[in-house]
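Peer 1: Okay, here's the structure, questions in a sec.
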Amino acid sequence: MNRLLIVLLVALATISCKKENTFVKLSGKITQPNSEHLTLHNLQDGSVVKEFEIGKDGAFSDTITLAKGRYFINDGSENFMLYITPGTDLQITFDGKEVEKTLKFEGSGNEVNTYITEKYNKQSDLVDNLEGILTLNAEEFQNKLKSIDNEYSDALKKIKYKDKDFITADSTDTKGFLSYIEEMYLKAAENNKLIGKPSPSFENYENYNGGTTSLKDLKGKYSYIDVWATWCKPCVAEIPALKELEAALGDKINFVSISVDEPTSKEAWKNMIQEKGMKGIQLFANATEETPFDRGYKISSIPRFIIIDPNGNVVKPDASRPSNPKTKELLLKLINQ
């Protein structure tokens, strides 16, 4: 599950369920596990509830006492949410390298947990591909929000799940998610006011190749800027497509990657650049210090892509990702106009 969605869920987990404990069984099998154990967390406070040892064959199983409610499992790399009720006897299978695509449930409790997984996979896709929504006009955007809300409501009705505690919590999650999308829409509208104007600036970011680089140093070419971090899976997933773009257009465009990792992760940043064979202009921004660049572009989630013209003016304050074919089309159009 998208890391951002887990953060949103923890923030929204204020609905109390009845606290009577019940025996539940969780078992299953993992191919290509990311760790030697699975960790079960309480969604409300993130605390660890139980660790499940993964056998050499990828199997795990245990019967434990849990309060009815919402939890999430971490496999050492990814997270996914569970809803536990009395009598839950859930068999879970997935591939550790493609959790979202392969996660399946069987046994008692499978319907609601399948619904949860499908819902949050859709939400993760929306978060990763917001551009199409953020460019809608106001009426189209409101209609889109209603459509998303109805889609989730219809999916829950389809499984005929009657647990009132879950329905209340799920409704709260949906409202929170739609509010987040609306907040992104409003920020995009503000960002669009930057188009054609001098870009918010940054000064003296550490350059992987030595010395420092400021925004003013990039003048003379179009710049395609990637704001990212080593811990951000969607960011890392874009690296191969970014390298392909740079291989094709790097002589005409500045490809600039700005890491917003914490200062303590600087070595991890350097190691990833080397391991992934990342080229272009690799910069390290101190994530503990907000700059005019951060404030000006209202950067609250990553990856974030920005296009600036040779004179330092904003072309696209929230550009499409390298993996989107429209990105190359736009960059070619800009350099050939």
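The values are calculated or read from the model by the stated rules, or taken from the named source; none is laboratory data. Computed from a predicted structure; not experimentally measured. Backbone-built Cβ (ideal geometry, glycine too); neighbour counts: all protein chains shown.
Peer 1: Counting only residues that are in contact with a strand residue (DSSP E or B) (Cβ under 7 Å, 6 or more places away or on another chain) and either closer than 14 Å to Gln142 by Cβ or assigned to a helix (DSSP H, G or I) (or both), how many does the stretch 171-204 have?
Peer 2: Number of matching residues: 1.
Peer 1: Restricting attention to the stretch 248-263, does a residue exist that is modelled with pLDDT under 90 and not assigned by TED's automatic domain parsing to the domain that holds Asp125?
Peer 2: No - not one qualifying residue is present in the stretch 248-263.
Peer 1: May I pose another question? Only one of (1) in contact with a helix residue (DSSP H, G or I) (Cβ under 9 Å, 6 or more places away or on another chain); (2) assigned to a loop (DSSP other than H, G, I, E, B); (3) more than 16 Å from Asp226 (Cβ to Cβ) is not met by Leu332, so which one is it?
Peer 2: Here Leu332 meets the rest and fails (2).
Peer 1: Any residue that is of a type in the set (A, V, I, L, M, F, W, C), over 13 Å from Asp226 (Cβ atoms) and either crowded, with 18+ Cβ neighbours inside 10 Å or in contact with a Gly (Cβ under 8 Å, 6 or more places away or on another chain) (or both) - is there at least one of those in the stretch 316-328?
Peer 2: Scanning the stretch 316-328, I find no residue that is of a type in the set (A, V, I, L, M, F, W, C), over 13 Å from Asp226 (Cβ atoms) and either crowded, with 18+ Cβ neighbours inside 10 Å or in contact with a Gly (Cβ under 8 Å, 6 or more places away or on another chain) (or both), so the answer is no.
Peer 1: Of everything in the stretch 228-272 that's assigned to a helix (DSSP H, G or I) and among the acidic types (Asp, Glu), which residue is surrounded by the fewest Cβ atoms within 10 Å (Cβ to Cβ)?
Peer 2: Glu267
Peer 1: Could you list, in sequence order, the residues of the stretch 151-189 that are of a type outside the set (Val, Ile, Thr), loosely packed, with under 13 Cβ neighbours inside 10 Å and over 27 Å from Asp318 (Cβ atoms)?
Peer 2: Asp154, Lys157, Lys158, Lys160, Lys162, Lys164
Peer 1: Could you run through the stretch 100-128 and say how many residues are surrounded by 15 or more Cβ atoms within 10 Å (Cβ to Cβ) and either under 14 Å from the mean Cα position of the chain (by Cα) or under 30 Å from Ile306 (Cβ atoms) (or both)?
Peer 2: 8
Peer 1: Next question. On the given criteria, is Leu145 of a type in the set (A, V, I, L, M, F, W, C), assigned to a loop (DSSP other than H, G, I, E, B) and either out of contact with any strand residue (DSSP E or B) (no Cβ under 6 Å at 6 or more places or on another chain) or surrounded by 15 or more Cβ atoms within 10 Å (Cβ to Cβ) (or both)?
Peer 2: So Leu145 does not fit the description; no.
Peer 1: Follow-up. For the stretch 153-170, which positions are assigned to a helix (DSSP H, G or I) and of a type in the set (Val, Ile, Thr)?
Peer 2: Ile167, Thr168
Peer 1: What residue, of Ile281, Ile299, is hydrophobic (A, V, I, L, M, F, W, C), within 23 Å of Val236 (Cβ to Cβ) and within 23 Å of the chain's Cα centre (by Cα)?
Peer 2: None of the other options fit; the residue is Ile299.
Peer 1: Taking the criterion of being in a loop (DSSP other than H, G, I, E, B) and not hydrophobic (A, V, I, L, M, F, W, C), would at least one residue in the stretch 114-121 satisfy it?
Peer 2: No, the stretch 114-121 has no match at all.
Peer 1: Continuing with the same structure: Looking at the stretch 26-40, I want the residues that are in a strand (DSSP E or B) and have a partner that is small (Gly, Ala, Ser) with Cβ atoms under 6 Å, at least 6 apart or on another chain. Which pairs are those?
Peer 2: The qualifying pairs are Ser27/Ser61; Lys29/Gly58; Lys29/Ala59; Ile30/Gly58; Ile30/Gly96; Thr31/Gly58.
Peer 1: Being surrounded by 14 or more Cβ atoms within 10 Å (Cβ to Cβ), modelled with pLDDT of 95 or more and outside the structural domain of Ser124 (by TED's automatic domain parsing), is that true of even one residue in the stretch 284-297?
Peer 2: Yes, some residue in the stretch 284-297 is surrounded by 14 or more Cβ atoms within 10 Å (Cβ to Cβ), modelled with pLDDT of 95 or more and outside the structural domain of Ser124 (by TED's automatic domain parsing).
Peer 1: Could you list all residues from the stretch 65-88 that are in a strand (DSSP E or B), buried (at least 20 other Cβ atoms within 10 Å of the Cβ) and among the β-branched types (Val, Ile, Thr)?
Peer 2: Scanning the stretch 65-88 gives Ile73, Ile84.
Peer 1: Still on this structure: Does at least one position in the stretch 217-229 carry a residue that is among the acidic types (Asp, Glu), in contact with a strand residue (DSSP E or B) (Cβ under 6 Å, 6 or more places away or on another chain) and under 30 Å from Asn137 (Cα atoms)?
Peer 2: yes
Peer 1: Is it fair to say Ile302 is surrounded by 18 or more Cβ atoms within 10 Å (Cβ to Cβ), assigned to a loop (DSSP other than H, G, I, E, B) and outside the structural domain of Tyr185 (by TED's automatic domain parsing)?
Peer 2: When the stated conditions are applied, Ile302 passes them.
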